[in-house]
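The values are calculated or read from the model by the stated rules, or taken from the named source; none is laboratory data. This structure is a prediction, so every number in the text was calculated from the model and none was measured. As a convention, Cβ positions derive from the backbone with ideal geometry for all residues, glycine included, and neighbour counts pool all protein chains shown.
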Amino acid sequence: MSPPPGAAVDFAPPVIGAEEIAAAVAALESGWLSSGPRVKEFERAFATYVGVDHAVAVNSCTAALHLSLLAAGVGPGDDVITTPLTFCATANTVVHVGATPRFADIDSTTWNLDPAAVDAAITGRTRAIIPVHYAGRPVDTTAFAALGLRHDARIIEDAAHCVEGRSAGAKIGGTADFTCFSFYATKNLTTGEGGMLTTHSAAWADTARRMSLHGMSRDGWTRYARTGTALYDVVTPGFKYNMPDVMAAIGLVQLARLDERWRRRDAIWQRYDEAFSDLPLTRPAPVAAGDRHARHLYTVLVEPESGWSRDALAAALRESGIMTSVHFRAVHLFTYYAETFGFRRGMWPVAERVSDCTLSLPLSAGMREADVDAVIAAVRRHVRRLR
Amino acid sequence: MAAHELRVLFRAAAGPRLGFGHLIRCRSLARALGVPPLVSLRGTARTRQAAVRLGFSLADDGTQALRDGGRPCVLVIDDPSAEHADAWVIRARRLGVPVATVHDLGLGYVTSDLGIDGSVRPHRAMRDRLGDLRGPAYAMLDPDVVRWRERRPAIVEPRRVLLALGGGSYVFALAARLSASLAAAHPGLRVRIAAGFTDAQRLPPLRHGEWVMARHGLGEELARASVAVLAGGVTAYEACAIGTPAIGIALTPAQALTIRALADAGALRDGGSASNPRHLTRLAPQLAHLLHDARGMRRLAAAGQALVDGRGIFRVADRVRELARHSKGGRHAA
Ligand SMILES: Cc1ncc(COP(=O)(O)O)c(C=O)c1O
């Protein structure tokens, strides 16, 4: 079946199938709409998938990052080092807890935070490091764990892109002090909005859980259960970050279908890699042995040698009905960060080059073969035209 | 597309001889799609009553159901007779209605816009047709099977056996006889016998075991049973998906093929054929052996679950929905 002529290929169409719809309907009909049994089940299933003892479901990855920083005791006077090549939320949450975001440059082939650069940037004020598994490629988790131990800094992995990832054989989610996942609409596992925090520590999980629900000592499910009591205490003023049961119901199905959908994206990835091998675009680097790339974003670098600027190629593709995106504009170049912390262009040059040239092509398990054909044909046609 | 915009017409064959597997499969798909089960039935008046009891609305059994104001977005045919199925494919195509056809082991194979054969050994003709859905990843089971698969570890009961040999009345005598021999061989065994879809009043009294009326599917019964004895229909796949160790005993040659294929995959024990008295006599000791072989039961369950994940019905539903979405405007209008 071919798509109607002129039809757009969306950037990352979510894969919400009959099973997710049935699960959401069942949750709606259950009479329990807020966090309840399905959230508990989702947390258990997610913890099992990742191989950790504790998973705390929240309403975004941003919330998970915020709670991790709080549980790690990061606050005013502390520094947190992360990558400039990330979504603003990674750095924003550092500001939310009153700490100062610091950056280190990325590796020029993996586009991930470079442990050596982080090492050089660590000071006595560094309390935490947030490596981001950019586009789904696992960072060198062993190197970061070693850095954390050596400098007594907490490692908080931003795994918004990397739910299926493995680093040196180990499942992402259990390789750091805290790991934060996103279930945003475009993500590999989506609940529309949502997130998960995983950790090996019961104490940190408890703190995160309490802070995710107003700082209350008991959640709603326990308070309204037949055997429960409505009494609770508030030990700190927390936030309202809990995940509703309807979202967890969708998440449970998405989790069960995760590897099947990863295989589909992996196949699309291989097709792109082959189809663009003779074009003057920098493709994602091969995956290190023992690692599993989560295949979240297929990003190419559109450098001047291709004859195109990234934005011009994106516009040409849009004209052809192919929607693309940019991951990311380097965070330190945004007005708030430049003005507040004095960050300037030139400080982290590798991240800036990727920020200027990176273009994310459509990638989703919901793409039909004809969509993949359309993307490949359009990219090839445009890039070769200007050579 | 919202579920209420999606109008699906099912065309299925059922009856005391054919059994109700095709009809039940349509109901499962309707549930996975979130649409009302509207069927044009090939079967007798009594079968039509049974279909209504199963929750179906009956559409005209002529082509009128394809026309009118109620023109469906998709026609789903589940009929093992190629001749009957083909006639409906042709009519639907003339009217511009896309067609999905459901097959087992290639029985009643016809070409349509979407062929589905969820059996372990799909039909050869389907192996090279691009876009067709084949293999147990597309086995069309009760949508609740996934839930029972997850709950089984918490609810399985020792020494509980389920006999599920199909929905036709011809199995009554066989089931009664089997339950008696099982009970004689293992006192203390709790034997539950699926009664199919007949009237409860018409069930013969049992000396051993209990009848189970499972209008809403056998998921729970399978999940609670330590072992099941099954024919080679949809229930055999459901046992695999749920992880219930099972022995297959074939009532038809097609079921023998399925049982053999599942047994080859290590997902089921082959109990032979119900028409062979030696096989029937062997069944009680075979079951006893399995009940005492914890490792063997675990292996069967693991192989079954690996082969059939129970989500095929949703994969099929997604493709049927896609078929409806992309053929608006009558791609096949003559
Ligand atoms: C790297 C990274 N971190 C964090 C987030 C924030 O995720 P959420 O929208 O779930 O808060 C995103 C979202 O796009 C992201 O890409």
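For the reader, a short list of remarks on this structure follows.
- Members of region B:283-324 found to be facing chain A (nearest Cβ under 10 Å) and in a helix (DSSP H, G or I), listed by number: B:ILE313, B:PHE314, B:ARG315, B:VAL316, B:ALA317, B:ASP318, B:ARG319, B:VAL320, B:ARG321, B:GLU322, B:LEU323
- Screening the candidates B:ASP113, B:ASP104 for the property of being out of contact with any Cys (no Cβ under 6 Å at 6 or more places or on another chain) and at pLDDT below 90 yields one hit, B:ASP104.
- The residue list A:SER34, A:SER2 contains one member that is within 14 Å of chain B (Cβ to nearest Cβ), at pLDDT below 95 and surrounded by fewer than 19 Cβ atoms within 10 Å (Cβ to Cβ), which is A:SER2.
- Residue in region A:216-223 that is in the same structural domain as A:LEU147 (by TED's automatic domain parsing), within 16 Å of the ligand (Cβ to nearest atom) and basic (Lys, Arg) present: no
- Which listed residue, of A:GLU303, A:GLU369, A:GLU352, A:GLU319, is among the acidic types (Asp, Glu) and closer than 21 Å to A:ALA89 by Cβ: A:GLU352
- Taken over region A:50-60, residues that are closer than 15 Å to A:SER201 by Cβ and within 16 Å of the ligand (Cβ to nearest atom) amount to 2.
- Inspection of region A:301-310 finds no residue satisfying the criterion of being among the basic types (Lys, Arg), free of Cβ contacts under 8 Å to residues at least 24 places away in the same chain, surrounded by fewer than 21 Cβ atoms within 10 Å (Cβ to Cβ) and more than 16 Å from the ligand (Cβ to nearest atom).
- Count of residues meeting criterion [surrounded by 21 or more Cβ atoms within 10 Å (Cβ to Cβ) and modelled with pLDDT of 95 or more] in region B:266-289: 4
- Yes/no for B:ARG27 being crowded, with 18+ Cβ neighbours inside 10 Å, within 17 Å of the chain's Cα centre (by Cα) and over 23 Å from A:ALA22 (Cβ atoms): no
- Selected residue (criterion: nearest to the ligand (Cβ to nearest atom)) from residues of region A:122-140 that are in a strand (DSSP E or B) and closer than 30 Å to A:LEU363 by Cβ: A:VAL132
- Filtered residue count, region B:31-52, keeping only those that are more than 14 Å from chain A (Cβ to nearest Cβ) and either part of a helix (DSSP H, G or I) or among the charged types (D, E, K, R) (or both): 9
Results for (1) polar (S, T, N, Q); (2) outside any strand (DSSP E or B); (3) crowded, with 17+ Cβ neighbours inside 10 Å, shown as yes or no for each residue.
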site	(1), (2), (3)
B:ALA184	no, yes, no
B:ARG192	no, no, yes
B:ARG215	no, yes, no
B:GLU221	no, yes, yes
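- Qualifying residue in region B:127-134 (condition: surrounded by fewer than 17 Cβ atoms within 10 Å (Cβ to Cβ), at pLDDT below 80 and away from chain A (no Cβ under 14 Å)): yes
Per-residue answers, yes or no, for (1) within 30 Å of B:ARG325 (Cα to Cα); (2) part of a helix (DSSP H, G or I):
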site: A:HIS327; (1), (2): no, no
site: A:PHE343; (1), (2): no, no
site: A:GLY346; (1), (2): no, no
site: A:SER360; (1), (2): yes, no
site: A:VAL383; (1), (2): no, yes
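- Test: A:ALA23 is within 14 Å of chain B (Cβ to nearest Cβ), under 22 Å from A:VAL163 (Cα atoms) and over 22 Å from the mean Cα position of the chain (by Cα): yes
- Here A:ILE156 fulfils each of the conditions (1) within 13 Å of the ligand (Cβ to nearest atom); (2) in contact with a strand residue (DSSP E or B) (Cβ under 6 Å, 6 or more places away or on another chain); (3) assigned to a loop (DSSP other than H, G, I, E, B) apart from (3).
- Residues satisfying the stated conditions in region A:163-179, i.e. of a type in the set (A, V, I, L, M) and either assigned to a loop (DSSP other than H, G, I, E, B) or within 16 Å of the ligand (Cβ to nearest atom) (or both): A:VAL163, A:ALA168, A:ILE172, A:ALA176
- For region A:8-26, filtering for residues that are in a helix (DSSP H, G or I) and under 15 Å from A:ALA256 (Cβ atoms) leaves 8.
- Here the condition is being in a loop (DSSP other than H, G, I, E, B) and within 24 Å of B:ASP117 (Cα to Cα); of B:GLY55, B:GLY70, B:GLY96, it holds for B:GLY96 alone.
- Check on A:LEU147, in contact (Cβ under 8 Å) with a residue 24 or more places away in the chain, more than 16 Å from the ligand (Cβ to nearest atom) and in contact with an Asp or Glu (Cβ under 9 Å, 6 or more places away or on another chain): yes
For every residue, the table says whether it meets (1) at pLDDT below 95; (2) over 19 Å from the mean Cα position of the chain (by Cα); (3) within 14 Å of another protein chain (Cβ to nearest Cβ); (4) away from the ligand (no atom under 16 Å from the Cβ).
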{"residue": "A:THR48", "(1), (2), (3), (4)": "no, yes, yes, yes"}
{"residue": "A:THR62", "(1), (2), (3), (4)": "no, no, no, no"}
{"residue": "A:SER68", "(1), (2), (3), (4)": "no, no, no, no"}
{"residue": "A:ALA72", "(1), (2), (3), (4)": "no, yes, no, yes"}
{"residue": "A:PRO84", "(1), (2), (3), (4)": "no, no, no, no"}
{"residue": "A:GLY98", "(1), (2), (3), (4)": "no, yes, no, yes"}
{"residue": "A:THR110", "(1), (2), (3), (4)": "no, no, no, no"}
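- Going through (1) away from the ligand (no atom under 16 Å from the Cβ); (2) over 21 Å from A:ASP266 (Cβ atoms); (3) aliphatic (A, V, I, L, M); (4) in contact with a Phe, Trp or Tyr (Cβ under 8 Å, 6 or more places away or on another chain) one by one, A:VAL331 falls short only on (1).
Listed here are the residues, each with its yes/no results for (1) within 14 Å of chain B (Cβ to nearest Cβ); (2) over 12 Å from the mean Cα position of the chain (by Cα); (3) within 10 Å of the ligand (Cβ to nearest atom).
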{"residue": "A:ALA117", "(1), (2), (3)": "no, yes, no"}
{"residue": "A:THR142", "(1), (2), (3)": "no, yes, no"}
{"residue": "A:HIS161", "(1), (2), (3)": "no, no, yes"}
{"residue": "A:LEU189", "(1), (2), (3)": "no, no, no"}
{"residue": "A:HIS200", "(1), (2), (3)": "no, yes, no"}
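- With respect to the conditions (1) touching a residue at least 12 places away in the same chain (Cβ under 8 Å); (2) away from the ligand (no atom under 16 Å from the Cβ), A:GLU29 falls short on a single one, namely (1).
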